[in-house]
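Shown next, in structure tokens, is the structure this report addresses.
The numbers here are math on the coordinates, done by the rules we state, and not lab data. On a predicted model such as this, the values are computed, not experimentally measured, just so you know. So basically every Cβ, Gly included, is an ideal-geometry build from the backbone, and we count neighbours across all protein chains shown.
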Amino acid sequence: MMKHLTLILAVLCCGLLVSFTGIKPHTDTYKVNTDSSKLEWYAEKVSGKHNGTIKLASGEFSNNHGSYTGTFVVDMNSIQNTDIQSAESKAKLEGHLKSPDFFDVAAFPKAKFVMTSITPLAEAKDGLTHAEWKAPWFLQPVPQ
């Protein structure tokens, strides 16, 4: 009887040890290379559409066994339009986007967005986006 009780206690202790130490989840975290990265934007309005780029100031992306998270900071002063050919019209739109009527870049030189979901695209092509990321923008002061 005592041997069985000792064996049961030994097995129970081993089980508790395994359950508390267990396998810890592994997360891969990647920092954004700001020199070679950019954010491409696209916007529509009633009378047309525009697209362009904006530079990333910093960012981090994590993959925890298929659960993705990311936080990115963009340099709002770097916003550029890429579809308008006229230098004057291009400068006018970029000035409007930076003005208090739109992003108010003087007051908010950085914006932050936090990725809330990522969905692989079925029709992804080489050199193009392979997933759709959803992330709300925060245009409040961002720590430097």
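Assorted remarks:
- Other-chain or far-sequence residues with amide H under 5 Å of Met115's (modelled H): Gly70, Thr71, Phe72
- Summed residue charge, Cβ within 15 Å of Gly95's Cβ, Lys/Arg positive, Asp/Glu negative: -1
- Residues Ser86 and Val46, FRET efficiency given R0 of 25 Å [Cβ-Cβ distance, rounded to 0.05]: 0.75
- Extension gain (nm, one decimal) between Val114 and Asn63, 0.36 nm per residue minus Cα-Cα: 16.9 nm
- Environment charge at Ile84 (Cβ cut-off 10 Å; Lys +1, Arg +1, Asp -1, Glu -1): -1
- Approximating the spin labels as points 7 Å out from Cα along Cα→Cβ, the Asn77-to-Leu121 distance works out to 3.2 nm.
- Orientation-averaged projection of the stretch 27-138 equals 8.6 nm² [convex hull of Cα atoms, one quarter of hull surface area].
- Summing charges over all other residues whose Cβ lies under 14 Å from the Cβ of Lys49, with Lys and Arg as +1 and Asp and Glu as -1, gives -2.
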